[in-house]
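Data first, discussion second: the structure below is written as structure tokens.
The values are calculated or read from the model by the stated rules, or taken from the named source; none is laboratory data. Please read these numbers as outputs of a predicted model, since none were measured by experiment. Cβ: placed from backbone, ideal geometry, glycine included. Neighbour counts: every protein chain shown. Side chains are part of the model used for accessible areas, which takes the heavy atoms of the whole protein and leaves out ligands, DNA and RNA. Shrake-Rupley method; radii C 1.70, N 1.55, O 1.52, S 1.80 Å.
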Amino acid sequence: MKGEIPFHLLQSQVVSDLPTAIDMSDEELKQLIESNARATQAMLDNMAESRLERQELREGMVQLQNAVVQLINVQSGIANLLTSLDEDRPTVLRKLTTIENKLDRLLEQENAQ
């Protein structure tokens with residue numbers, strides 16, 4: 001878009017040239033037609049570039065949505081893991097207590113000997 005003539009300026013140029021077209025020579029009419037063709041082409045190019053930009057934005061939005069879905073899945077997995085850890089904590093504590101008690105007994109037996 002750099003270096004392009006803004007649409008409203010192109011449009012005003014075309015409109016301002018129209019009232020005098022009746023009194024123009026063949027060469028002037030040819031120049032006017034060429035000018036209008038360039039203006040039209042510039043507008044079409046601008047529209048095509050805008051379409052491409054919108055497509056890129058849409059693709060970026062899809063990628064962003066996919067990333068959000070992945071984050072939601074990770075968050076859900078973490079929540080499930082934390083829930084599982086909370087449920088397993090009493091079992092782990094019981095096992096640790098059992099191991100601690102066995103160690104205490106072994107140490108007592110060793111000290112007794």
Residue-normalised value, i.e. accessible area per residue, for the range 57-102 at 1.4 Å probe, in Å², stands at 91 Å²
Starting from the Cα of Asp104, move 7 Å in the Cα-to-Cβ direction to define the label point; list residues of the range 77-94 whose amide nitrogen is under 16 Å from there.
93-94
Does the range 20-95 come out rounded, prolate or oblate, given a ≥ b ≥ c as the square roots of the eigenvalues of its C-alpha gyration tensor, rounded meaning a/c under 1.5 and, failing that, prolate meaning a/b above b/c?
prolate
